[in-house]
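Below you'll find the structure, written out as C-alpha coordinates, and then a few comments.
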Amino acid sequence: MKKILVIGSGGREHAIAWRLRKEGSTVYATPGNDGMFSDGILNPKIDSENFDKVIEFTAQENIVLVVIGPEKPLCEGLADRLRAVGRNVIGPSAKASQLESSKSYAKEMMKSCGIPTAEYAAFSNYDQAINYVKSVDHKIVIKADGLAGGKGVVLPDTREEAIELLNLFMNESSFGKASKTVVIEERLYGPELSFMCLTDGEFVISLPTSRDHKRLKNNDQGPNTGGMGAITPSPDENKSTKQWVCEKVLRPLFAGLKRADISYRGFLYVGLMLTEEGPKVLEFNVRLGDPETQALMLALRENFTEHLFRTAEGRLNKDHTLSAGKAACVVMAAKNYAEGAIEKGALITGIGQEESKIFYSAVQRKENQWHTNGGRVLSVCADGESSVKRCLEDAKKIDWKGVQYRTDFEQI
Ligand code: AMP
Ligand code: GLY
(Lines give C-alpha, C1' and ligand atoms only; values in the text may rest on other atoms or scores of the structure.)
(Ligands and ions follow the chains in the order given, each with its own letter.)
Protein backbone atom coordinates (compact mmCIF):
# COMPACT_ATOMS: atom_id res chain seq x y z
CA MET A 1 0.00 0.00 0.00
CA LYS A 2 1.18 3.52 -0.77
CA LYS A 3 2.08 5.55 2.28
CA ILE A 4 0.98 9.19 2.24
CA LEU A 5 1.66 11.89 4.82
CA VAL A 6 -0.84 14.73 5.29
CA ILE A 7 0.42 17.84 7.09
CA GLY A 8 -2.20 19.73 9.14
CA SER A 9 -4.76 19.26 11.86
CA GLY A 10 -8.08 20.64 10.68
CA GLY A 11 -11.27 19.41 9.06
CA ARG A 12 -9.76 19.95 5.63
CA GLU A 13 -6.89 17.62 6.44
CA HIS A 14 -9.22 15.05 8.00
CA ALA A 15 -11.28 15.05 4.81
CA ILE A 16 -8.25 14.73 2.51
CA ALA A 17 -6.72 11.96 4.64
CA TRP A 18 -10.07 10.14 4.84
CA ARG A 19 -10.45 10.23 1.06
CA LEU A 20 -6.91 8.97 0.38
CA ARG A 21 -7.35 6.15 2.89
CA LYS A 22 -10.68 5.20 1.36
CA GLU A 23 -8.96 4.96 -2.00
CA GLY A 24 -6.52 2.42 -0.58
CA SER A 25 -3.48 4.24 0.84
CA THR A 26 -1.98 4.10 4.31
CA VAL A 27 -2.34 7.65 5.58
CA TYR A 28 -0.46 9.47 8.33
CA ALA A 29 -1.34 12.95 9.56
CA THR A 30 0.71 15.36 11.63
CA PRO A 31 -0.06 17.11 13.91
CA GLY A 32 -3.54 15.71 13.14
CA ASN A 33 -6.27 15.57 15.77
CA ASP A 34 -7.87 12.87 17.93
CA GLY A 35 -10.91 12.75 15.65
CA MET A 36 -8.79 11.85 12.63
CA PHE A 37 -6.88 9.26 14.60
CA SER A 38 -10.15 7.56 15.58
CA ASP A 39 -10.91 7.25 11.84
CA GLY A 40 -8.01 4.99 10.85
CA ILE A 41 -5.56 7.79 10.07
CA LEU A 42 -2.19 7.18 11.72
CA ASN A 43 -0.41 9.53 14.09
CA PRO A 44 3.36 9.63 13.58
CA LYS A 45 3.94 11.54 16.84
CA ILE A 46 6.52 13.93 15.44
CA ASP A 47 6.84 17.67 15.83
CA SER A 48 5.35 18.82 12.53
CA GLU A 49 6.86 22.28 12.93
CA ASN A 50 10.32 20.77 12.90
CA PHE A 51 10.88 20.29 9.17
CA ASP A 52 14.00 18.14 9.77
CA LYS A 53 11.85 15.69 11.75
CA VAL A 54 9.21 15.63 9.03
CA ILE A 55 11.84 14.88 6.39
CA GLU A 56 13.39 12.19 8.59
CA PHE A 57 9.98 10.56 9.06
CA THR A 58 9.26 10.50 5.32
CA ALA A 59 12.57 8.70 4.76
CA GLN A 60 12.11 6.19 7.61
CA GLU A 61 8.58 5.27 6.57
CA ASN A 62 9.05 5.37 2.79
CA ILE A 63 6.40 8.03 2.37
CA VAL A 64 5.73 8.37 -1.36
CA LEU A 65 3.64 11.56 -1.25
CA VAL A 66 3.31 14.48 1.16
CA VAL A 67 0.15 16.61 0.98
CA ILE A 68 0.55 19.93 2.77
CA GLY A 69 -2.86 21.19 3.93
CA PRO A 70 -2.48 24.63 5.57
CA GLU A 71 -0.79 27.79 4.32
CA LYS A 72 1.67 28.25 7.20
CA PRO A 73 4.10 25.39 6.44
CA LEU A 74 3.85 26.22 2.73
CA CYS A 75 4.78 29.84 3.34
CA GLU A 76 7.62 28.67 5.59
CA GLY A 77 9.08 26.54 2.81
CA LEU A 78 8.19 22.95 3.78
CA ALA A 79 7.45 22.01 0.17
CA ASP A 80 10.85 23.37 -0.92
CA ARG A 81 12.63 21.38 1.78
CA LEU A 82 10.85 18.14 0.89
CA ARG A 83 11.42 18.56 -2.85
CA ALA A 84 15.10 19.23 -2.21
CA VAL A 85 15.39 15.66 -0.86
CA GLY A 86 13.38 14.19 -3.72
CA ARG A 87 9.93 13.75 -2.14
CA ASN A 88 6.73 14.04 -4.13
CA VAL A 89 4.79 16.96 -2.70
CA ILE A 90 1.42 18.60 -3.20
CA GLY A 91 1.98 22.22 -2.26
CA PRO A 92 3.78 25.15 -3.87
CA SER A 93 7.13 26.67 -2.93
CA ALA A 94 7.48 29.48 -0.36
CA LYS A 95 8.03 31.92 -3.22
CA ALA A 96 4.80 30.91 -4.96
CA SER A 97 2.99 30.90 -1.60
CA GLN A 98 3.38 34.68 -1.48
CA LEU A 99 0.16 34.65 -3.51
CA GLU A 100 -1.46 33.94 -0.15
CA SER A 101 1.07 35.19 2.42
CA SER A 102 1.10 38.74 1.04
CA LYS A 103 -2.11 40.32 -0.17
CA SER A 104 -0.16 43.20 -1.72
CA TYR A 105 1.99 40.71 -3.68
CA ALA A 106 -1.16 38.93 -4.87
CA LYS A 107 -2.80 42.20 -5.92
CA GLU A 108 0.35 43.33 -7.77
CA MET A 109 0.40 40.01 -9.57
CA MET A 110 -3.30 40.32 -10.49
CA LYS A 111 -2.80 43.86 -11.78
CA SER A 112 0.34 43.07 -13.78
CA CYS A 113 -1.34 40.01 -15.33
CA GLY A 114 -4.58 41.85 -16.18
CA ILE A 115 -6.71 39.65 -13.90
CA PRO A 116 -10.07 41.27 -13.01
CA THR A 117 -10.01 42.35 -9.35
CA ALA A 118 -11.06 45.24 -7.08
CA GLU A 119 -9.15 48.55 -7.26
CA TYR A 120 -6.66 48.82 -4.41
CA ALA A 121 -3.77 50.60 -2.80
CA ALA A 122 -1.23 49.24 -0.29
CA PHE A 123 0.18 51.21 2.65
CA SER A 124 2.82 50.75 5.32
CA ASN A 125 2.47 54.37 6.43
CA TYR A 126 -0.54 55.12 8.65
CA ASP A 127 -0.94 58.81 7.67
CA GLN A 128 -0.88 57.95 3.99
CA ALA A 129 -3.49 55.24 4.54
CA ILE A 130 -5.74 57.73 6.38
CA ASN A 131 -5.35 60.34 3.63
CA TYR A 132 -6.28 57.72 1.06
CA VAL A 133 -9.39 56.69 2.99
CA LYS A 134 -10.43 60.35 3.23
CA SER A 135 -9.89 60.85 -0.50
CA VAL A 136 -12.03 58.02 -1.88
CA ASP A 137 -15.79 58.20 -2.09
CA HIS A 138 -16.54 54.49 -2.46
CA LYS A 139 -16.89 51.97 0.37
CA ILE A 140 -13.72 50.12 1.23
CA VAL A 141 -12.36 46.85 2.60
CA ILE A 142 -9.24 46.79 4.77
CA LYS A 143 -6.97 43.74 4.65
CA ALA A 144 -3.94 42.84 6.72
CA ASP A 145 -1.19 42.16 4.18
CA GLY A 146 0.08 39.00 5.88
CA LEU A 147 -1.46 35.77 7.16
CA ALA A 148 -4.17 36.36 9.77
CA GLY A 149 -5.97 33.02 9.96
CA GLY A 150 -8.85 34.15 7.75
CA LYS A 151 -9.68 37.03 10.10
CA GLY A 152 -7.58 39.87 8.70
CA VAL A 153 -10.28 41.35 6.46
CA VAL A 154 -12.71 43.97 7.73
CA LEU A 155 -15.54 45.79 5.99
CA PRO A 156 -16.04 49.20 7.64
CA ASP A 157 -19.36 50.90 6.95
CA THR A 158 -18.21 54.44 7.67
CA ARG A 159 -15.04 56.50 7.21
CA GLU A 160 -14.76 56.89 11.01
CA GLU A 161 -14.89 53.14 11.48
CA ALA A 162 -12.26 52.70 8.76
CA ILE A 163 -9.91 55.13 10.50
CA GLU A 164 -10.37 53.33 13.81
CA LEU A 165 -9.68 49.97 12.19
CA LEU A 166 -6.57 51.28 10.43
CA ASN A 167 -5.29 52.43 13.80
CA LEU A 168 -5.90 48.96 15.25
CA PHE A 169 -4.29 47.22 12.29
CA MET A 170 -1.28 49.48 11.71
CA ASN A 171 -0.47 51.08 15.07
CA GLU A 172 -1.74 48.55 17.56
CA SER A 173 -0.86 45.65 15.24
CA SER A 174 -3.97 43.51 15.72
CA PHE A 175 -2.27 40.76 13.75
CA GLY A 176 1.35 41.48 14.72
CA LYS A 177 3.62 42.02 11.73
CA ALA A 178 0.88 40.82 9.37
CA SER A 179 -1.13 44.03 9.73
CA LYS A 180 1.73 46.57 9.66
CA THR A 181 1.09 46.80 5.93
CA VAL A 182 -2.51 46.96 4.75
CA VAL A 183 -4.27 46.63 1.44
CA ILE A 184 -7.27 48.93 1.03
CA GLU A 185 -9.69 47.76 -1.62
CA GLU A 186 -12.80 49.06 -3.26
CA ARG A 187 -15.76 47.16 -1.80
CA LEU A 188 -17.44 44.82 -4.28
CA TYR A 189 -20.93 43.36 -4.14
CA GLY A 190 -22.31 40.04 -5.31
CA PRO A 191 -22.36 36.34 -4.47
CA GLU A 192 -19.06 34.63 -3.79
CA LEU A 193 -17.85 31.48 -5.48
CA SER A 194 -14.87 29.29 -4.60
CA PHE A 195 -12.95 27.69 -7.46
CA MET A 196 -10.18 25.22 -6.66
CA CYS A 197 -7.85 23.20 -8.80
CA LEU A 198 -4.77 21.05 -8.79
CA THR A 199 -2.10 22.40 -11.06
CA ASP A 200 1.51 22.15 -12.15
CA GLY A 201 1.46 25.76 -13.31
CA GLU A 202 0.49 24.71 -16.82
CA PHE A 203 -2.32 22.15 -16.80
CA VAL A 204 -5.39 22.41 -14.61
CA ILE A 205 -7.39 19.67 -12.88
CA SER A 206 -10.54 21.57 -11.89
CA LEU A 207 -12.37 20.55 -8.74
CA PRO A 208 -16.10 21.22 -8.39
CA THR A 209 -16.99 24.81 -7.50
CA SER A 210 -18.40 25.53 -4.06
CA ARG A 211 -20.07 28.22 -1.94
CA ASP A 212 -18.51 29.00 1.41
CA HIS A 213 -20.47 30.76 4.19
CA LYS A 214 -17.99 33.22 5.63
CA ARG A 215 -20.09 35.11 8.17
CA LEU A 216 -20.69 33.59 11.60
CA LYS A 217 -24.47 33.90 11.64
CA ASN A 218 -27.47 33.20 9.45
CA ASN A 219 -28.32 35.68 6.67
CA ASP A 220 -24.65 36.67 6.46
CA GLN A 221 -24.70 38.48 9.78
CA GLY A 222 -21.86 38.66 12.31
CA PRO A 223 -18.11 38.75 11.76
CA ASN A 224 -16.17 36.99 9.02
CA THR A 225 -14.89 33.55 10.01
CA GLY A 226 -12.71 30.91 8.40
CA GLY A 227 -15.95 29.51 6.96
CA MET A 228 -19.12 28.16 8.62
CA GLY A 229 -20.15 25.65 5.99
CA ALA A 230 -20.10 24.91 2.29
CA ILE A 231 -22.15 23.46 -0.50
CA THR A 232 -20.92 22.04 -3.78
CA PRO A 233 -21.41 22.71 -6.64
CA SER A 234 -21.93 26.42 -6.15
CA PRO A 235 -25.52 27.35 -7.08
CA ASP A 236 -23.95 30.39 -8.79
CA GLU A 237 -21.85 28.37 -11.22
CA ASN A 238 -22.93 28.63 -14.85
CA LYS A 239 -21.77 26.92 -18.03
CA SER A 240 -18.89 29.31 -18.56
CA THR A 241 -17.61 29.76 -14.97
CA LYS A 242 -14.76 27.25 -15.11
CA GLN A 243 -13.71 28.29 -18.59
CA TRP A 244 -13.75 31.95 -17.51
CA VAL A 245 -11.47 31.18 -14.55
CA CYS A 246 -9.07 29.24 -16.79
CA GLU A 247 -8.90 31.93 -19.47
CA LYS A 248 -9.10 35.12 -17.46
CA VAL A 249 -7.37 34.11 -14.25
CA LEU A 250 -5.24 30.97 -14.47
CA ARG A 251 -3.58 31.38 -17.88
CA PRO A 252 -2.52 35.00 -17.21
CA LEU A 253 -1.40 34.06 -13.67
CA PHE A 254 0.68 31.12 -14.90
CA ALA A 255 2.30 33.37 -17.51
CA GLY A 256 3.08 35.92 -14.77
CA LEU A 257 4.59 33.25 -12.51
CA LYS A 258 6.71 31.99 -15.39
CA ARG A 259 7.99 35.51 -16.08
CA ALA A 260 9.00 35.71 -12.42
CA ASP A 261 10.66 32.28 -12.73
CA ILE A 262 8.33 30.76 -10.13
CA SER A 263 7.13 27.17 -10.54
CA TYR A 264 3.86 25.94 -9.02
CA ARG A 265 2.81 22.43 -8.07
CA GLY A 266 -0.15 21.98 -5.77
CA PHE A 267 -3.63 23.25 -5.06
CA LEU A 268 -4.72 26.73 -6.03
CA TYR A 269 -7.84 28.40 -4.70
CA VAL A 270 -9.44 31.34 -6.47
CA GLY A 271 -11.99 33.26 -4.39
CA LEU A 272 -14.36 35.11 -6.73
CA MET A 273 -17.07 37.69 -6.31
CA LEU A 274 -19.67 37.66 -9.08
CA THR A 275 -20.30 41.38 -9.51
CA GLU A 276 -22.63 43.13 -11.94
CA GLU A 277 -19.56 43.95 -14.04
CA GLY A 278 -18.56 40.28 -14.16
CA PRO A 279 -16.52 38.02 -11.88
CA LYS A 280 -13.61 39.54 -9.96
CA VAL A 281 -10.89 37.79 -7.97
CA LEU A 282 -11.01 38.49 -4.22
CA GLU A 283 -8.07 36.33 -3.25
CA PHE A 284 -5.75 33.49 -4.06
CA ASN A 285 -4.99 30.73 -1.58
CA VAL A 286 -2.20 28.27 -2.21
CA ARG A 287 -4.14 25.41 -0.62
CA LEU A 288 -7.63 24.00 -0.53
CA GLY A 289 -10.39 25.83 1.32
CA ASP A 290 -11.67 24.81 4.71
CA PRO A 291 -14.62 23.90 4.94
CA GLU A 292 -15.11 23.62 1.14
CA THR A 293 -12.80 20.58 1.05
CA GLN A 294 -14.93 18.62 3.51
CA ALA A 295 -17.84 18.76 1.05
CA LEU A 296 -15.62 18.17 -2.00
CA MET A 297 -14.02 15.02 -0.64
CA LEU A 298 -17.48 13.49 -0.32
CA ALA A 299 -18.67 14.74 -3.69
CA LEU A 300 -15.83 13.49 -5.94
CA ARG A 301 -16.69 10.62 -8.24
CA GLU A 302 -13.23 9.71 -9.47
CA ASN A 303 -9.93 8.62 -8.02
CA PHE A 304 -8.37 11.62 -6.29
CA THR A 305 -5.13 9.90 -5.25
CA GLU A 306 -4.18 9.27 -8.87
CA HIS A 307 -4.52 12.95 -9.74
CA LEU A 308 -2.41 13.96 -6.76
CA PHE A 309 0.39 11.64 -7.84
CA ARG A 310 0.25 12.81 -11.44
CA THR A 311 0.47 16.42 -10.31
CA ALA A 312 3.23 15.85 -7.76
CA GLU A 313 5.30 13.80 -10.22
CA GLY A 314 4.88 16.34 -13.03
CA ARG A 315 2.89 13.96 -15.22
CA LEU A 316 -0.03 16.22 -16.18
CA ASN A 317 -0.46 16.54 -19.92
CA LYS A 318 -3.93 18.00 -20.34
CA ASP A 319 -6.63 19.93 -18.51
CA HIS A 320 -9.33 17.88 -16.82
CA THR A 321 -12.49 18.53 -14.82
CA LEU A 322 -13.10 16.11 -11.97
CA SER A 323 -16.56 14.61 -12.02
CA ALA A 324 -18.54 15.01 -8.82
CA GLY A 325 -22.01 15.00 -7.30
CA LYS A 326 -23.56 17.31 -4.73
CA ALA A 327 -22.44 17.63 -1.13
CA ALA A 328 -22.81 19.88 1.89
CA CYS A 329 -20.88 20.63 5.04
CA VAL A 330 -22.14 22.35 8.21
CA VAL A 331 -19.45 23.64 10.57
CA MET A 332 -20.17 23.48 14.30
CA ALA A 333 -18.15 26.01 16.27
CA ALA A 334 -17.34 26.69 19.91
CA LYS A 335 -18.80 29.40 22.11
CA ASN A 336 -17.34 32.84 21.24
CA TYR A 337 -15.72 31.61 18.01
CA ALA A 338 -14.74 34.64 15.87
CA GLU A 339 -16.08 37.00 18.53
CA GLY A 340 -13.96 36.61 21.65
CA ALA A 341 -11.99 34.18 23.77
CA ILE A 342 -12.87 30.69 22.55
CA GLU A 343 -14.09 28.28 25.18
CA LYS A 344 -12.25 24.95 24.97
CA GLY A 345 -12.85 21.68 26.79
CA ALA A 346 -16.67 21.55 26.56
CA LEU A 347 -18.11 18.01 26.62
CA ILE A 348 -19.55 17.03 23.22
CA THR A 349 -22.63 14.82 23.28
CA GLY A 350 -24.57 12.99 20.60
CA ILE A 351 -21.71 11.75 18.43
CA GLY A 352 -22.43 8.30 17.03
CA GLN A 353 -26.13 8.91 16.34
CA GLU A 354 -25.50 10.65 13.02
CA GLU A 355 -25.76 9.19 9.54
CA SER A 356 -23.63 11.94 7.99
CA LYS A 357 -19.85 11.90 7.91
CA ILE A 358 -18.12 13.93 10.59
CA PHE A 359 -14.80 15.58 9.83
CA TYR A 360 -13.09 16.79 12.98
CA SER A 361 -11.24 20.10 13.27
CA ALA A 362 -10.50 20.67 16.94
CA VAL A 363 -11.46 17.91 19.35
CA GLN A 364 -9.85 16.00 22.14
CA ARG A 365 -10.67 12.49 23.29
CA LYS A 366 -10.45 12.27 27.08
CA GLU A 367 -11.71 9.42 29.26
CA ASN A 368 -13.64 7.99 26.33
CA GLN A 369 -15.46 11.23 25.66
CA TRP A 370 -15.16 13.97 23.07
CA HIS A 371 -14.32 17.54 24.10
CA THR A 372 -14.00 20.75 22.11
CA ASN A 373 -10.46 21.95 21.55
CA GLY A 374 -10.66 25.08 19.39
CA GLY A 375 -12.90 27.45 17.43
CA ARG A 376 -14.24 25.39 14.55
CA VAL A 377 -14.79 22.05 16.26
CA LEU A 378 -16.18 19.68 13.65
CA SER A 379 -18.19 19.60 10.46
CA VAL A 380 -21.18 17.45 9.63
CA CYS A 381 -21.07 16.47 5.96
CA ALA A 382 -23.30 14.59 3.54
CA ASP A 383 -23.48 13.99 -0.19
CA GLY A 384 -26.25 13.33 -2.69
CA GLU A 385 -29.82 14.59 -2.72
CA SER A 386 -31.08 16.62 0.27
CA SER A 387 -27.56 16.75 1.65
CA VAL A 388 -28.11 20.10 3.39
CA LYS A 389 -31.24 18.81 5.10
CA ARG A 390 -29.50 15.65 6.24
CA CYS A 391 -26.48 17.56 7.61
CA LEU A 392 -28.76 19.85 9.59
CA GLU A 393 -30.79 16.96 10.99
CA ASP A 394 -27.60 15.34 12.22
CA ALA A 395 -26.14 18.61 13.54
CA LYS A 396 -29.21 18.86 15.79
CA LYS A 397 -28.21 15.59 17.49
CA ILE A 398 -24.76 16.92 18.44
CA ASP A 399 -24.46 19.36 21.29
CA TRP A 400 -22.14 21.15 23.71
CA LYS A 401 -22.36 24.25 25.84
CA GLY A 402 -22.39 27.31 23.60
CA VAL A 403 -22.36 25.40 20.28
CA GLN A 404 -23.10 27.58 17.25
CA TYR A 405 -23.77 26.79 13.62
CA ARG A 406 -25.63 28.22 10.65
CA THR A 407 -28.86 26.74 9.37
CA ASP A 408 -29.54 28.92 6.31
CA PHE A 409 -27.76 26.97 3.57
CA GLU A 410 -29.50 26.85 0.21
CA GLN A 411 -31.06 23.43 -0.32
CA ILE A 412 -29.19 21.65 -3.12
P1 AMP B 1 -10.19 37.52 1.35
O2 AMP B 1 -9.42 36.81 2.43
O3 AMP B 1 -9.39 38.56 0.66
O4 AMP B 1 -10.91 36.61 0.41
O5 AMP B 1 -11.39 38.21 2.12
C6 AMP B 1 -12.24 37.49 2.99
C7 AMP B 1 -13.67 37.83 2.71
O8 AMP B 1 -13.86 39.25 2.82
C9 AMP B 1 -14.16 37.49 1.32
O10 AMP B 1 -14.56 36.17 1.22
C11 AMP B 1 -15.31 38.47 1.16
O12 AMP B 1 -16.45 38.02 1.84
C13 AMP B 1 -14.79 39.70 1.85
N14 AMP B 1 -14.12 40.58 0.88
C15 AMP B 1 -12.80 40.57 0.54
N16 AMP B 1 -12.51 41.51 -0.37
C17 AMP B 1 -13.67 42.14 -0.64
C18 AMP B 1 -14.03 43.22 -1.50
N19 AMP B 1 -13.13 43.86 -2.25
N20 AMP B 1 -15.34 43.61 -1.50
C21 AMP B 1 -16.25 42.99 -0.72
N22 AMP B 1 -15.97 41.98 0.11
C23 AMP B 1 -14.70 41.55 0.16
N1 GLY C 1 -12.98 28.83 3.42
C2 GLY C 1 -12.09 29.78 2.92
C3 GLY C 1 -10.68 29.47 3.09
O4 GLY C 1 -10.30 28.35 3.39
O5 GLY C 1 -9.85 30.37 2.94
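The values are calculated or read from the model by the stated rules, or taken from the named source; none is laboratory data. Here the structure is a predicted model, which is why all the values come from computation and not from measurement. Heads up, the Cβs are rebuilt from the backbone with ideal geometry, glycines too, and the neighbour counts pull from every protein chain shown.
Below are the figures for this structure:
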| item | result |
| --- | --- |
| Matching residues, segment 1-19, being more than 19 Å from VAL380 (Cβ to Cβ) and either out of contact with any Ser or Thr (no Cβ under 6 Å at 6 or more places or on another chain) or crowded, with 24+ Cβ neighbours inside 10 Å (or both) | ILE4, LEU5, VAL6, ILE7, GLY8 |
| Any chance ASP145 is of a type in the set (Asp, Glu) and either under 21 Å from the mean Cα position of the chain (by Cα) or within 23 Å of ASN285 (Cα to Cα) (or both) | yes |
| Any hit, segment 197-220, residues being farther than 25 Å from PRO92 by Cα and surrounded by 22 or more Cβ atoms within 10 Å (Cβ to Cβ) | yes |
| Qualifying residue in segment 285-292 (condition: within 16 Å of ligand 1 (Cβ to nearest atom), within 17 Å of the chain's Cα centre (by Cα) and surrounded by fewer than 23 Cβ atoms within 10 Å (Cβ to Cβ)) | yes |
| Looking only at segment 203-247, and only at residues there that are among the aliphatic types (A, V, I, L, M) and under 24 Å from VAL330 (Cα atoms), the one that is nearest to ligand 2 (Cβ to nearest atom) | ALA230 |
| Counted residues, segment 123-153 - those being within 16 Å of ligand 2 (Cβ to nearest atom), touching a helix residue (DSSP H, G or I) at 6+ places or on another chain (Cβ under 8 Å) and part of a strand (DSSP E or B) | 2 |
| Boolean, VAL270 is buried (at least 16 other Cβ atoms within 10 Å of the Cβ), in contact (Cβ under 8 Å) with a residue 60 or more places away in the chain, within 16 Å of ligand 1 (Cβ to nearest atom) and not in a loop (DSSP other than H, G, I, E, B) | yes |
| Those residues of segment 222-264 which are within 30 Å of VAL377 (Cα to Cα), surrounded by fewer than 21 Cβ atoms within 10 Å (Cβ to Cβ), out of contact with any Pro (no Cβ under 8 Å at 6 or more places or on another chain) and modelled with pLDDT of 95 or more, in sequence order | PRO235, GLU237 |
| Which listed residue, of ALA395, ALA295, ALA328, is under 17 Å from ARG12 (Cβ atoms) and not in a strand (DSSP E or B) | ALA295 |
| Condition broken by THR181, with the remaining ones in (1) within 13 Å of ligand 2 (Cβ to nearest atom); (2) surrounded by fewer than 24 Cβ atoms within 10 Å (Cβ to Cβ); (3) of a type in the set (S, T, N, Q) satisfied | (1) |
